[in-house]
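Step one of this worksheet: look at the structure below.
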Amino acid sequence: MKASVEGEKVILVPYMREHVPKYHDWMQDPAILEATASESLTLEQEFDMQVSWTQDPLKQTFIVLDKELVVGDFIPGDPHVEAMVGDVNIYMNDMDDPQMAEIEIMIAELKSRGKGLAQESVLMMIVFAVENFNIHAFHAKIGESNKASLNLFYKLGFKKISYSEVFKEVTLELPITESSREKLHQLIELQKQLMLAPAIIGPSRIGSSCNPAPLKSDWPVKQFSDELLDM
């Protein structure tokens, strides 16, 4: 899926080849490698990984753009490398439950931390995954020392379901019940109405078949967060 998704503070765009050098620079930071349980790759390996991720039907990756850092107007299909600050991913690798997704978030740029971008990105990915992949449960595996990520997912209603002593890792879960699915669909329908409203989306926002317009999500993130916690 090549559409971008626009929220109040962030725009989620597909992971493109142009993003790889900056992403590679992030992954040279030992603290980021530890927080994401990743291994350092060469730049060539990172390019190969980008191709693999974009072609794998069991993965969905978005680069997180900080809207405050976008130079000029946002152009769908443009990588806007100047505004990339992290990524958000889902993995649907459980063969016994293909509608369960593991979700990850990283805000790599220090200047964009503490602004609520991670929370909005996770919420937008949850909506996207439920709408497009019919996901019924989300898992997040987080190192016990990564207090910021743990606090974020607990705040969003995730609950601890297991702990790995070997990996010092907590697994959290957010089930999507019938009640919560109904609320999500109501919010998605509101999102679509806002996307089609001429007062909100002008001609400059309309894309072509090769350059699709972003899916607009102007409903307040706090409203969605409150709805999610009530599920």
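Here are the numbers:
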quantity	calculated
Top-ranked residue in the range 7-21 [being under 10 Å from SER121 (Cα atoms) and at pLDDT 90 or above; ranked as surrounded by the most Cβ atoms within 10 Å (Cβ to Cβ)]	VAL10
Filter result (free of Cβ contacts under 8 Å to residues at least 40 places away in the same chain, closer than 23 Å to LEU174 by Cα and among the charged types (D, E, K, R)) within the range 57-106	LYS59, ASP94, ASP96, GLU102
Which numbered condition LYS159 fails, given (1) over 15 Å from ASP87 (Cβ atoms); (2) open to solvent by less than 70 Å² (accessible area, probe 1.4 Å)	(2)
The range 26-46, residues that are within 20 Å of the chain's Cα centre (by Cα) and outside any loop (DSSP other than H, G, I, E, B)	TRP26, ILE32, LEU33, GLU34, ALA35, THR36, GLU46
Selected residue (criterion: least open to solvent (accessible area, probe 1.4 Å)) from residues of the range 132-152 that are part of a helix (DSSP H, G or I) and closer than 18 Å to TYR91 by Cα	SER149
The range 45-56, residues that are open to solvent by 70 Å² or more (accessible area, probe 1.4 Å), among the polar types (S, T, N, Q) and free of Cβ contacts under 8 Å to residues at least 12 places away in the same chain	GLN45, GLN55
Pair list, Cβ < 8 Å and 6+ apart or interchain, from the range 107-134 residues that are on the phi > 0 side of the Ramachandran plot to residues that are in a helix (DSSP H, G or I) and crowded, with 17+ Cβ neighbours inside 10 Å	GLY116/VAL221
Selection from the range 22-44 of residues that are in contact (Cβ under 8 Å) with a residue 60 or more places away in the chain and open to solvent by 60 Å² or more (accessible area, probe 1.4 Å)	ASP29, GLU34, ALA37
Among the candidates LEU194, LEU174, residue that is in a helix (DSSP H, G or I) and either open to solvent by less than 70 Å² (accessible area, probe 1.4 Å) or modelled with pLDDT of 85 or more (or both)	LEU194
Those residues of the range 82-116 which are more than 19 Å from LEU156 (Cα to Cα), open to solvent by 50 Å² or more (accessible area, probe 1.4 Å) and part of a loop (DSSP other than H, G, I, E, B), in sequence order	ASN93, ASP94, MET95, ASP96, PRO98, GLN99
Qualifying residue in the range 117-129 (condition: open to solvent by 20 Å² or more (accessible area, probe 1.4 Å), over 24 Å from HIS24 (Cα atoms) and at pLDDT below 95)	no
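Residue-wise test of (1) out of contact with any Gly (no Cβ under 6 Å at 6 or more places or on another chain); (2) polar (S, T, N, Q); (3) more than 19 Å from LEU12 (Cβ to Cβ).
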| position | (1), (2), (3) |
| --- | --- |
| ILE107 | no, no, no |
| MET125 | yes, no, no |
| SER145 | yes, yes, yes |
| THR171 | yes, yes, yes |
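The values are calculated or read from the model by the stated rules, or taken from the named source; none is laboratory data. All values derive from a computational prediction rather than experimental measurement. Neighbour counts are summed over all protein chains in view; Cβ atoms, including those assigned to glycine, are modelled from backbone coordinates with ideal geometry. We work out accessible area using only protein heavy atoms, side chains counted, and drop any ligands, DNA or RNA first. Shrake-Rupley method; radii C 1.70, N 1.55, O 1.52, S 1.80 Å.
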